[in-house]
Amino acid sequence: QVQLVESGGGLVQAGGSLRLSCATSGRTSSVYAMGWFRQAPGKEREFVAGISYSGGTTYYADSVKGRFTISRDNAKNTVYLQMNNLKPEDTAIYYCARRGTVVAGTSGYSYWGQGTQVTVSS
């Protein structure tokens with residue numbers, strides 16, 4: 001059984017930083033591309049960032065390019081999302097997800113974590 005557990009969310013002022021972590025477990029849990037999504041109140045869930053199994057390929061939503069960085073440590077079965085220069089519009093529940101392939105992408109994710117709340121105050 002695949003499990004994804006996010007941590008690191010919280011309340012931060014605009015311009016601040018947070019680092020989200022996603023610990024994965026289960027059979028061959030590290031041999032897949034991973035991604036981060038977010039869902040703000042009243043809005044649909046949206047893609048934030050994705051990373052290939054090797055970490056050599058990454059994708060970002062235009063709204064976070066230059067501010068967020070996705071990375072992974074396969075030895076620790078953990079994916080990270082470093083978020084800098086946070087804005088109030090980044091406020092959302094952030095979800096970690098596992099894709100069904102080693103290649104990074106913006107869709108095709110099969111497993112999801114429970115989410116972690118990020119709130120950015122102005």
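Quick notes on this structure:
- Karplus-based coupling profile of the stretch 110-122, in residue order and whole Hz: 10, 10, 9, x, 8, x, 9, 7, 10, 10, 10, 8, 8, with θ = phi - 60° in 6.51 cos²θ - 1.76 cosθ + 1.60 and x standing for Gly or Pro.
- The equivalent ellipsoid of the chain has semi-axes of 23, 14, 13 Å, largest first, where each one is the square root of 5 times an eigenvalue of the Cα gyration tensor.
- Phi to ³J(HN,Hα) by Karplus 6.51 cos²θ - 1.76 cosθ + 1.60 over the stretch 76-83, Hz, x for Gly, Pro: 9, 6, 9, 10, 10, 9, 8, 10
- With all protein chains kept in place, the per residue accessible area of the chain amounts to 50 square angstrom at a probe of 1.4 angstrom.
- Shown in residue order for the stretch 41-55 are the 3J(HN,Hα) couplings computed by the Karplus curve 6.51 cos²θ - 1.76 cosθ + 1.60 at θ = phi - 60°: x, x, 10, 7, 5, 10, 5, 10, 7, x, 9, 6, 4, 6, x Hz (x for Gly and Pro).
- Rounded to the nearest 20 debye, the dipole magnitude of the chain is 200 debye, with +1 charges on Lys and Arg beta carbons, -1 on Asp and Glu beta carbons, and the Cα centre as origin.
- Expressed as a whole percent, the accessible area of the chain that falls on carbon and sulfur atoms is 46 (1.4 Å probe).
The values are calculated or read from the model by the stated rules, or taken from the named source; none is laboratory data. No experiment lies behind these values; they were computed from the predicted model shown. Please note: Cβ atoms are built from the backbone with ideal geometry, for glycine as well, and neighbour counts cover all protein chains shown. Just so you know, the surface numbers come from the protein's heavy atoms only, side chains and all, with ligands and any DNA or RNA stripped out. Shrake-Rupley method; radii C 1.70, N 1.55, O 1.52, S 1.80 Å.
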